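Notes to accompany the following structure.
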Amino acid sequence: MEEKKRETTITPKEKKVIEFIAAGYTDKEIAECLNSSYSAIRNIFGNLLIKTGTVNRPHLVSWAYRENIMK
């Protein structure tokens, strides 16, 4: 399956969320670590899927490595 190439700007908070996802944290754990609400983290995650054209957590993390968002 071929992905669409997108120009995507990831905010520092979104990058932090991706890093926590890659480390295996749940949304609840991410919310606690970032002093945010569970629903705020769910919104960030949903927005990341839309921005990046990905469909789930593993796909998002894979995208972040390919796009050099994470190293």
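Annotation note: Cβ proximity below 8 Å between a residue of the stretch 12-27 that is over 13 Å from Ala64 (Cβ atoms) and a residue that is not aromatic (Phe, Trp, Tyr) (sequence gap 6+ or interchain) occurs for Lys13/Leu34; Lys13/Ile44; Tyr25/Cys33; Asp27/Ile41; Asp27/Arg42. Here Phe45 passes the criteria (1) surrounded by fewer than 14 Cβ atoms within 10 Å (Cβ to Cβ); (2) at pLDDT 95 or above except the one numbered (1). The residue that is most open to solvent (accessible area, probe 1.4 Å), among those in the stretch 61-71 that are within 15 Å of Thr9 (Cα to Cα) and assigned to a loop (DSSP other than H, G, I, E, B), is Asn68. Of all residues in the stretch 25-42, those satisfying the criterion of being open to solvent by 40 Å² or more (accessible area, probe 1.4 Å) and of a type in the set (Asp, Glu) are Glu29, Glu32.
Take the conditions (1) over 11 Å from the mean Cα position of the chain (by Cα); (2) of a type outside the set (S, T, N, Q); (3) open to solvent by less than 90 Å² (accessible area, probe 1.4 Å); Ala22 misses just one of them, which is (1). The residues of the stretch 48-60 that are closer than 17 Å to Ala23 by Cα and either open to solvent by less than 60 Å² (accessible area, probe 1.4 Å) or touching a Cys at 6+ places or on another chain (Cβ under 7 Å) (or both), listed by number, are Leu48, His59, Leu60.
The values are calculated or read from the model by the stated rules, or taken from the named source; none is laboratory data. What you see is a predicted model, and the numbers here were worked out from it, not measured in a lab. Every residue, glycine among them, receives a Cβ derived from its backbone with ideal geometry; neighbour counts consider all protein chains shown. The protein model used for the area step is the full one, side chains on, heavy atoms only, and it has no ligands, DNA or RNA in it. Shrake-Rupley method; radii C 1.70, N 1.55, O 1.52, S 1.80 Å.
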